[in-house]
1. How big is the dipole moment of region 64-188 about its Cα centre under a simple scheme where the beta carbon of each Lys and Arg is +1, that of each Asp and Glu is -1, and everything else is neutral? Debye, nearest 20, please.
2. Lys and Arg at +1, Asp and Glu at -1: add these up for the other residues within a Cβ distance under 11 Å of Phe245 and post the number.
3. Quick one: what are the phi-derived ³J(HN,Hα) couplings along region 231-243, Karplus 6.51/-1.76/1.60 with θ = phi - 60°, whole Hz, x for glycine and proline?
4. Rounded to the nearest 5, what is the percent of antiparallel bridges among the DSSP beta bridges in the chain?
5. Less than 12 Å Cβ to Cβ from Val306, Lys/Arg counted +1 and Asp/Glu -1: what total charge do the surrounding residues give?
6. Can you list the HN-Hα couplings for region 56-69, worked out from phi with the Karplus curve (6.51, -1.76, 1.60; θ = phi - 60°), rounded to whole Hz and with x for Gly and Pro?
7. Check which residues have an amide H placed less than 5 Å from Phe160's amide H, if you skip close sequence neighbours.
8. In region 232-277, which trypsin sites (Lys or Arg not before Pro) fall in coil by DSSP and have 14 or fewer other Cβ atoms within 10 Å?
Amino acid sequence: INPRFEGASPIDDLPCDHGFLNDVWEGLSAKPKFLSAKYFYDAAGSELFEDITGLPEYYPTRAELRILDEHGAAIAAVLPAGSALVEFGAGSTVKVRRLLQHLTDLRAYVPVDVSGDFLRAQAEELRRDIPGLAVEPVVADFTHPFALPASIGDAPRAGFFPGSTIGNFQPDEAVRLLDIFGTILGEDARLIVGVDLVKDTDVLEAAYDDAAGVTAAFNLNLLARINRELAGSFEPDNFRHRAFFNAEASRIEMHLVSHRDQEIEVAGRRFGFAAGESIHTENSYKYSVESFRALAAKAGWTACDVWTDPEGLFSVHALTR
Ligand code: AVJ
């Protein structure tokens with residue numbers, strides 16, 4: 001995912017991918033400094049994110065799973081018979097299994113992800129567990145249009161985008177992404193999307209600044225990754241994790257704040273930090289049911305239904321277009 005949604009630079013398509021280095025150089029040269037949240041997820045970062053999902057303060061994963069458990073049958077019923085279900089950014093199959101269990105006549109399940117090895121391993125596991133399910137993985141970056149497998153033919157299409165990943169995109173970029181989903185899925189599609197809800201600032205901020213410091217480690221791992229992959233000279237101890245709710249923008253912001261004046265190097269280029277200067281590493285936008293519907297409408301999607309958990313922490317929307 002690319003929260004800033006800058007689009008691929010031509011360099012991204014070359015066999016030697018300089019995307020990470022160029023993005024880091026660009027972000028550290030900017031004022032204020034920023035890095036894309038898509039770079040959190042190397043092997044160590046993905047494991048730390050898994051740990052985050054089990055934290056007592058991090059409610060989104062639990063709340064969404066609860067919605068899928070309690071309303072899975074109703075959500076699945078939004079899909080016309082014989083649909084193909086396309087999951088954008090399919091990491092684990094934990095969430096989609098809660099829909100698949102109610103979708104016995106599915107034409108195909110099409111998980112889409114940039115990480116081919118993981119995708120194929122998950123697909124294999126799913127085929128073993130649900131015999132008769134056609135699993136058709138596609139290795140692609142879902143922020144750009146791509147072709148669905150020809151084997152799904154003229155089956156009705158439904159998209160699945162759980163986890164509030166949509167929250168990583170600035171609103172105008174989120175509209176563009178929802179429009180791209182419409183382009184990929186074609187006419188008369190359905191879309192099931194998980195969206196985190198606005199709530200008490202204390203609850204929101206605790207979810208992104210947990211007592212055990214796992215989110216801090218997740219954020220700081222970005223500096224360790226730059227050191228590992230781009231010959232960076234960051235001293236992670238010289239930075240601290242900061243997360244706060246920006247109410248005007250309705251988003252959690254994560255930053256890495258420099259304790260002191262310092263200079264660091266990334267692949268031979270030097271960058272200066274003043275004491276207190278930060279790198280903005282993530283936005284996680286929070287919506288109301290109404291504000292998300294208004295956003296989706298800008299991309300041509302009409303709300304059909306919405307489900308929330310009993311505490312009103314999280315929402316799962318069904319849209320059509
Ligand atoms: C994976 C983008 C949904 O915004 O809650 C968790 C990422 N960052 N803790 C979120 C995240 C810090 C997460 N998303």
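Derivation of every value follows stated rules applied to the coordinates shown; laboratory data play no part. Because the structure is predicted, anything quoted here is derived from the model rather than measured. Cβ sites come from the backbone with ideal geometry, for glycine too, and all protein chains shown count toward neighbours.
1. Approximately 300 debye in magnitude.
2. Details: positive: Lys199, Arg251, Lys286; negative: Asp200, Asp202, Glu205, Asp209, Glu248, Glu253.
That sum, taken over residues with Cβ under 11 Å, equals -3.
3. These are the phi-based 3J(HN,Hα) values: 6, x, 10, 4, 9, x, 5, 8, 10, 10, 6, 9, 9 Hz.
4. 65
5. Around Val306, the charge tally is -2.
6. x, 7, 8, 7, x, 5, 4, 5, 5, 4, 5, 4, 5, 5
7. Here Val86, Glu87, Phe88, Ile192 satisfy the definition.
8. Qualifying residues, ordered by number: Arg260.
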